[in-house]
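A short worksheet on the structure shown next.
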Amino acid sequence: MKSDIELVLDVKNGDRSAFSELVQRHQRSLLRVTLRFTRELTLAEDIVQDSFIKAYQKIHLFEGRSSFKSWLYQIALNTAKNRFRDRSREEINIEDVYLGVDPGAESSMVRSDARKRIQAEVELLPEKQRMALSLRVFEDLSFKEIAQIMDCPYDTAKANYRHALLKLRERLEGEDSLRVWEEFDGALSLEVAAASSDREQ
Amino acid sequence: MVKGSRQQQPSNRLFQDEGWVDHLENEIEANLRDDLEILLKNSEPDRRIRSSLEQIRTLVRNSDEVVLPESGHFYQNMHDRIMAQVETMPTPSASVHRSSWNIKALRRNRWSRRAGPVGVMMVLAVMSWLGVRSVDSGQENQSAPAQVAAAQGTNKSVPVSNERSLELELAVVSGTESGAFAESVTDSVLTHETQDDLLLAAVDRRLQDLSQAEAEAVLSGLMAN
């Protein structure tokens, strides 16, 4: 199997099938990271398509100083930012948050509340901190890759991540109603003590 | 050396929170890692902060709300839409063409658009006259062949190549020259697509040889036409 760099060279030499391979390889992860920021599937699809087209148009400028994936992510996030440039930052309506909760799962309501709470706090983070946190925690990217995508120094990417995690800890730890349980069946259960006591009443 | 190990932090932690984030992410230098392991074993406050950071991280990760479509058709369709657009685009390496940039730069020159082919021919004629004048001052007002003869007599080299190549270009443009000469000229202007572009390139080269005052005089004369 060819590496991304080899495929890029083939594309530069006029081999469109090599670009097809790159699309198949990265479209899913690109859609995931874009969807995380847009929260709308149709919009995320558009951005992913635009990003791949831009990548093809500019592929002769790609010199391999970063990974192809990082370069692609950078294009996608910049494209997403441009789409959102004129939109003011809307307050998160947690009812609109699309949750991937299995309705049959035990304590699904509890987990749903907890997810909403945590996601709301993540959304309140400054953009660069939120981006660094998302790319690290959800995409498992290295700080070097995060720095390339965010077009900032390595230490800045790390600092943004640190601040994000510490800020979340400060906000969530201060909530008396939240207690953290051990990981259970691949999902972390949170007991919202105040909510459960309300239901009992 | 663990930072702050000799100082008591307000929460009795011996290591800064930022450092524990780095430890959680395996971003700690190797020589510090062992010290921190010892610290974790012996300092309850530091153990608590390290543990809570890990839990927050896990909380965030497991709260991921993004659920991607699972259908293979979805991704196949997206791929096909992308490739359909890519098929209509030129290959990236061929899209950058320096000669076409040069032509575009020349086309942007307003005077050449206004002048048109006839005006450009007049400019070439003027430059031809200016080209003769640029030969050594002692040989002014002589025809080119006379200059060559004089130069040969004095063993001086004479710049006839500029004038000759100008003649060739004029001949090609006017269509009076054919065969080898035309071919030799066109070889040097292969990047040009039309006769107009050939004229523009010739004129541009001549302009570059002129002084500022001479170029302005030519252009103002052209504008008057």
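What the table shows:
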read-out	value
Neighbour-count order for B:41, A:69, A:58, fewest beta carbons within 10 angstrom listed first	B:41, A:58, A:69
Exceeding the 22 Å Cα-Cα cut-off - candidates A:54/A:81; A:2/A:81; A:69/A:167; A:69/A:144; A:116/A:158	A:2/A:81; A:69/A:167; A:116/A:158
Residue exposure sequence - B:50, A:39 - by fewest surrounding Cβ within 10 Å	A:39, B:50
Cα-based Rg / Dmax (Å) for region A:5-67	12.4, 37
Share of alpha-carbon pairs per 5 Å distance bin for region B:12-56, given as whole %	5, 24, 37, 26, 7, 0
Proxy reagent accessibility, fewest Cβ within 10 Å first, across A:131, B:89	B:89, A:131
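Rule-based calculations on the coordinates, nothing more; no lab input. Values in this document were obtained by computation on a predicted structure and should not be read as measured data. Cβ: placed from backbone, ideal geometry, glycine included. Neighbour counts: every protein chain shown.
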